[in-house]
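Asks: A single structure is presented below for examination.
The values are calculated or read from the model by the stated rules, or taken from the named source; none is laboratory data. The structure presented is a predicted model; accordingly, all values stated were derived computationally and were not measured. Here the Cβ positions follow ideal geometry from the backbone for every residue, glycine too, while neighbour counts run over all protein chains shown. Ligands, DNA and RNA are stripped out before the accessible areas are found, and what is left, the full protein with its side chains, is counted by its heavy atoms. Shrake-Rupley method; radii C 1.70, N 1.55, O 1.52, S 1.80 Å.
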Amino acid sequence: MTTLTLITGANRGIGLEFCRQSLAHGDTVIACCRQPEQAEALQQLALAHPNQLELVALELGEPAQFESLCAYLGERKLDRLICNAGVYGPKGLPLGEYQADHFDQVMKINVTAPMLLVQALRPHLGADAKVALLSSKMGSITDNGSGGSYVYRASKAALNAVGKSLAIDLQPQGTSVVLFHPGWVQTAMGGSNALITPEVSVRGMRHVLEQLTLIDSGKFINYDGVELPW
(Lines give C-alpha, C1' and ligand atoms only; values in the text may rest on other atoms or scores of the structure.)
Protein backbone atom coordinates (compact mmCIF):
# COMPACT_ATOMS: atom_id res chain seq x y z
CA MET A 1 0.00 0.00 0.00
CA THR A 2 1.07 3.57 -0.64
CA THR A 3 2.39 5.50 2.35
CA LEU A 4 0.40 8.66 3.12
CA THR A 5 2.69 11.40 4.46
CA LEU A 6 1.68 14.85 5.72
CA ILE A 7 4.38 17.53 5.97
CA THR A 8 4.12 21.02 7.49
CA GLY A 9 6.33 23.88 6.39
CA ALA A 10 6.58 22.10 3.05
CA ASN A 11 7.33 25.10 0.86
CA ARG A 12 11.08 25.40 1.46
CA GLY A 13 14.19 24.04 3.12
CA ILE A 14 13.87 20.82 5.07
CA GLY A 15 10.12 20.54 4.51
CA LEU A 16 10.50 20.84 0.75
CA GLU A 17 13.25 18.22 0.77
CA PHE A 18 11.02 15.89 2.80
CA CYS A 19 8.46 16.31 0.01
CA ARG A 20 11.01 15.53 -2.70
CA GLN A 21 12.36 12.42 -1.02
CA SER A 22 8.96 11.14 0.05
CA LEU A 23 7.65 11.51 -3.50
CA ALA A 24 10.72 9.75 -4.87
CA HIS A 25 10.01 6.91 -2.45
CA GLY A 26 6.49 6.59 -3.84
CA ASP A 27 4.56 8.21 -0.99
CA THR A 28 1.37 10.16 -1.48
CA VAL A 29 2.28 13.51 0.07
CA ILE A 30 0.05 16.18 1.59
CA ALA A 31 2.20 19.30 1.62
CA CYS A 32 1.02 22.02 3.98
CA CYS A 33 2.14 25.64 4.05
CA ARG A 34 0.58 29.06 4.46
CA GLN A 35 0.36 30.04 0.78
CA PRO A 36 0.84 27.04 -1.50
CA GLU A 37 -0.26 29.08 -4.52
CA GLN A 38 2.89 31.19 -4.06
CA ALA A 39 5.24 28.26 -3.36
CA GLU A 40 6.91 27.92 -6.76
CA ALA A 41 9.04 24.87 -5.93
CA LEU A 42 6.00 23.04 -4.57
CA GLN A 43 3.95 24.00 -7.60
CA GLN A 44 6.64 22.52 -9.84
CA LEU A 45 6.66 19.32 -7.80
CA ALA A 46 2.89 19.13 -8.09
CA LEU A 47 3.11 19.39 -11.86
CA ALA A 48 5.68 16.60 -11.91
CA HIS A 49 3.62 14.41 -9.53
CA PRO A 50 -0.02 15.29 -10.34
CA ASN A 51 -1.57 12.24 -8.66
CA GLN A 52 0.90 12.00 -5.82
CA LEU A 53 1.31 15.47 -4.30
CA GLU A 54 -1.54 17.44 -2.70
CA LEU A 55 -1.05 21.08 -1.71
CA VAL A 56 -3.03 22.32 1.28
CA ALA A 57 -3.08 25.82 2.78
CA LEU A 58 -2.50 25.69 6.52
CA GLU A 59 -1.69 28.49 8.94
CA LEU A 60 -0.21 26.84 12.01
CA GLY A 61 -0.87 29.93 14.06
CA GLU A 62 -4.61 29.40 13.55
CA PRO A 63 -5.50 26.08 15.24
CA ALA A 64 -9.11 26.41 14.06
CA GLN A 65 -7.79 25.47 10.62
CA PHE A 66 -6.81 22.05 11.92
CA GLU A 67 -10.48 21.02 11.83
CA SER A 68 -10.59 21.87 8.12
CA LEU A 69 -7.47 19.78 7.57
CA CYS A 70 -9.12 16.82 9.29
CA ALA A 71 -12.19 17.30 7.09
CA TYR A 72 -9.94 17.35 4.03
CA LEU A 73 -8.43 14.02 5.05
CA GLY A 74 -11.86 12.46 5.40
CA GLU A 75 -11.51 8.74 6.13
CA ARG A 76 -7.87 8.56 5.10
CA LYS A 77 -5.24 7.52 7.63
CA LEU A 78 -1.76 9.02 7.84
CA ASP A 79 1.29 6.79 7.94
CA ARG A 80 3.78 9.63 8.49
CA LEU A 81 3.31 13.05 10.05
CA ILE A 82 6.28 15.40 9.70
CA CYS A 83 5.90 18.49 11.91
CA ASN A 84 8.64 20.55 10.33
CA ALA A 85 7.47 24.17 10.36
CA GLY A 86 9.19 26.43 12.84
CA VAL A 87 10.52 29.94 13.44
CA TYR A 88 13.67 31.19 15.16
CA GLY A 89 12.56 34.50 16.58
CA PRO A 90 14.97 37.30 17.53
CA LYS A 91 18.63 36.58 16.81
CA GLY A 92 21.60 38.02 18.66
CA LEU A 93 19.72 39.77 21.44
CA PRO A 94 21.84 40.22 24.57
CA LEU A 95 20.45 39.52 28.01
CA GLY A 96 18.69 42.67 29.09
CA GLU A 97 16.89 43.36 25.80
CA TYR A 98 14.34 40.52 25.73
CA GLN A 99 10.65 41.37 25.87
CA ALA A 100 7.66 39.15 26.59
CA ASP A 101 6.31 39.47 23.07
CA HIS A 102 9.54 38.00 21.68
CA PHE A 103 8.34 34.67 23.01
CA ASP A 104 4.73 34.80 21.86
CA GLN A 105 4.93 33.89 18.17
CA VAL A 106 7.86 31.50 18.55
CA MET A 107 6.17 29.46 21.26
CA LYS A 108 2.91 29.54 19.33
CA ILE A 109 4.46 28.09 16.16
CA ASN A 110 7.20 25.87 17.63
CA VAL A 111 5.33 24.37 20.59
CA THR A 112 1.59 25.01 20.69
CA ALA A 113 0.96 24.40 16.99
CA PRO A 114 2.61 20.97 16.65
CA MET A 115 1.04 19.75 19.90
CA LEU A 116 -2.46 20.84 18.85
CA LEU A 117 -1.93 19.55 15.32
CA VAL A 118 -0.99 16.07 16.52
CA GLN A 119 -3.94 16.16 18.92
CA ALA A 120 -6.32 17.09 16.09
CA LEU A 121 -4.89 14.47 13.73
CA ARG A 122 -4.83 11.70 16.31
CA PRO A 123 -7.96 10.00 14.86
CA HIS A 124 -6.29 10.12 11.44
CA LEU A 125 -3.09 8.36 12.50
CA GLY A 126 -3.10 4.89 11.00
CA ALA A 127 -1.85 1.63 12.46
CA ASP A 128 1.90 1.89 13.10
CA ALA A 129 1.90 5.60 12.21
CA LYS A 130 5.06 7.56 12.88
CA VAL A 131 5.25 11.20 13.97
CA ALA A 132 8.41 13.28 13.56
CA LEU A 133 8.75 16.56 15.46
CA LEU A 134 11.63 18.68 14.23
CA SER A 135 13.36 19.96 17.31
CA SER A 136 16.95 21.18 17.64
CA LYS A 137 20.04 20.41 19.66
CA MET A 138 19.66 23.98 20.89
CA GLY A 139 16.76 22.64 22.93
CA SER A 140 19.13 20.34 24.82
CA ILE A 141 19.77 21.67 28.32
CA THR A 142 22.74 19.33 28.74
CA ASP A 143 24.34 20.53 25.50
CA ASN A 144 23.94 24.25 26.22
CA GLY A 145 27.47 25.51 26.71
CA SER A 146 27.15 28.96 25.18
CA GLY A 147 24.00 30.52 26.63
CA GLY A 148 21.89 33.07 24.77
CA SER A 149 19.21 32.31 22.17
CA TYR A 150 16.67 32.23 24.98
CA VAL A 151 13.53 32.17 22.88
CA TYR A 152 14.53 29.48 20.39
CA ARG A 153 16.18 27.29 23.04
CA ALA A 154 13.12 27.52 25.28
CA SER A 155 10.76 26.64 22.43
CA LYS A 156 12.69 23.54 21.42
CA ALA A 157 13.12 22.37 25.01
CA ALA A 158 9.36 22.74 25.42
CA LEU A 159 8.76 20.86 22.16
CA ASN A 160 10.92 18.02 23.49
CA ALA A 161 8.72 17.81 26.57
CA VAL A 162 5.60 17.80 24.39
CA GLY A 163 7.04 15.06 22.18
CA LYS A 164 7.94 12.85 25.11
CA SER A 165 4.40 13.08 26.46
CA LEU A 166 2.91 12.44 23.03
CA ALA A 167 5.03 9.32 22.71
CA ILE A 168 3.59 7.99 25.97
CA ASP A 169 -0.02 8.92 25.24
CA LEU A 170 0.01 7.67 21.63
CA GLN A 171 1.74 4.39 22.44
CA PRO A 172 -1.52 2.48 23.10
CA GLN A 173 -2.69 3.13 19.53
CA GLY A 174 0.64 2.02 18.07
CA THR A 175 1.95 5.47 17.05
CA SER A 176 5.67 6.15 17.43
CA VAL A 177 7.07 9.65 18.00
CA VAL A 178 10.59 10.91 17.40
CA LEU A 179 12.17 14.28 18.18
CA PHE A 180 14.78 15.17 15.57
CA HIS A 181 17.79 17.40 15.51
CA PRO A 182 18.13 17.86 11.75
CA GLY A 183 21.72 19.05 12.02
CA TRP A 184 23.03 22.45 11.05
CA VAL A 185 21.40 22.63 7.64
CA GLN A 186 21.91 25.00 4.70
CA THR A 187 18.48 26.64 4.76
CA ALA A 188 17.16 30.16 5.20
CA MET A 189 17.28 29.59 8.96
CA GLY A 190 20.57 27.70 9.07
CA GLY A 191 22.43 29.99 6.69
CA SER A 192 24.90 29.31 3.90
CA ASN A 193 27.72 28.41 6.31
CA ALA A 194 25.79 25.44 7.72
CA LEU A 195 27.50 22.06 7.62
CA ILE A 196 25.09 19.87 5.67
CA THR A 197 22.56 20.11 2.85
CA PRO A 198 18.84 19.51 3.28
CA GLU A 199 19.26 16.37 1.16
CA VAL A 200 21.75 14.85 3.62
CA SER A 201 19.69 15.85 6.65
CA VAL A 202 16.39 14.51 5.32
CA ARG A 203 17.91 11.31 3.99
CA GLY A 204 19.25 10.59 7.47
CA MET A 205 16.00 11.46 9.23
CA ARG A 206 13.96 9.37 6.82
CA HIS A 207 16.21 6.39 7.50
CA VAL A 208 15.77 6.82 11.27
CA LEU A 209 12.02 7.23 10.85
CA GLU A 210 11.68 4.06 8.80
CA GLN A 211 13.53 2.10 11.49
CA LEU A 212 11.59 3.67 14.37
CA THR A 213 9.57 1.36 16.60
CA LEU A 214 7.57 1.85 19.78
CA ILE A 215 10.67 0.81 21.73
CA ASP A 216 12.44 3.96 20.55
CA SER A 217 9.40 6.22 20.68
CA GLY A 218 9.95 9.49 22.53
CA LYS A 219 13.70 9.67 21.96
CA PHE A 220 15.65 12.77 20.93
CA ILE A 221 17.73 11.72 17.93
CA ASN A 222 20.25 13.35 15.61
CA TYR A 223 19.63 13.12 11.87
CA ASP A 224 22.36 10.45 11.67
CA GLY A 225 20.66 8.22 14.23
CA VAL A 226 22.70 9.17 17.33
CA GLU A 227 20.59 9.66 20.45
CA LEU A 228 21.00 13.09 22.04
CA PRO A 229 20.93 14.19 25.70
CA TRP A 230 18.00 16.16 27.00
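Asks: Looking at the square roots a ≥ b ≥ c of the eigenvalues of the Cα gyration tensor of the chain, which shape do they give, rounded for a/c under 1.5, prolate if a/b is larger than b/c, or oblate? Provide the component values of the computation, followed by the final result.
Replies: Details: a/c = 1.45, a/b = 1.32, b/c = 1.10.
It comes out rounded by the Cα gyration axes.
Asks: Hey, another quick one. Taking the Cα-to-Cβ direction at Asn144 and at Gln171 and moving 7 Å from each Cα, how far apart do the two end points lie in nm?
Replies: Reported label-point gap for Asn144 and Gln171 is 2.7 nm.
Asks: Less than 14 Å from a label point 7 Å out along the Cα-to-Cβ axis of Leu95: which backbone N atoms in the stretch 134-174 qualify, by residue?
Replies: Output list for this probe position: 145-151.
Asks: Continuing with this model, one more query. Based on the Cβ-Cβ distance of Glu199 and Asp104, what FRET efficiency does E = 1/(1 + (r/R0)^6) give at R0 = 25 Å, to the nearest 0.05?
Replies: Working: r = 34 Å, r/R0 = 1.34.
Here the calculated transfer efficiency is 0.15.
Asks: Also: So what's the angle, to the nearest 10 degrees on a 0 to 90 scale, between helix 198-211 and the longest Cα principal axis of the chain?
Replies: The two axes meet at around 70 degrees.
Asks: What is the sum of charges, Lys and Arg at +1 and Asp and Glu at -1, for the other residues whose Cβ falls under 14 Å from the Cβ of Cys33?
Replies: Numbers: positive: Arg12, Arg34; negative: Glu17, Glu37, Glu40, Glu54, Glu59, Glu62.
Charge balance in the 14 Å sphere: -4.
Asks: Compute, for Thr3, the solvent-accessible surface of its heavy atoms (probe 1.4 Å) with the complete set of protein chains present, and express it in square angstrom to the nearest 10.
Replies: 40
Asks: Met1 versus Asn51, label points 7 Å from Cα toward the beta carbon: distance in nm?
Replies: Distance between the two pseudo-spin positions: 1.9 nm.
Asks: Now for a different question. What nm distance separates the two modelled labels at Leu214 and Lys77, each placed 7 Å from Cα along Cα→Cβ?
Replies: Label-label distance for Leu214 and Lys77, simple model: 1.4 nm.
Asks: Whole number in Å², please: accessible area per residue of the chain, 1.4 Å probe, ligands, DNA and RNA not counted.
Replies: Working: 11090 Å² over 230 residues.
On a per-residue basis, the chain sits at 48 Å².
Asks: Just to be sure I understand: of the beta bridges DSSP finds with both ends in the chain, what percent are antiparallel, rounded to 5?
Replies: Values: 1 of 29 bridges.
Counting DSSP beta bridges with both partners in the chain, the antiparallel share is about 5 percent.
Asks: What does the extension gain come out to for Ala120 and Ala64, with contour length at 0.36 nm per residue minus their alpha carbon separation?
Replies: In short, 19.2 nm is gained.
Asks: At a 1.4 Å probe radius, carbon and sulfur cover how many percent of the accessible area of the stretch 1-73?
Replies: Numbers: 1680 of 3640 Å².
Carbon with sulfur: 46 percent of the solvent-accessible area.
Asks: How much net charge surrounds Gly139 when only other residues with a Cβ under 15 Å from its Cβ are counted (Lys, Arg +1; Asp, Glu -1)?
Replies: Numbers: positive: Lys137, Arg153, Lys156, Lys164, Lys219; negative: Asp143, Glu227.
Local net charge: +3.
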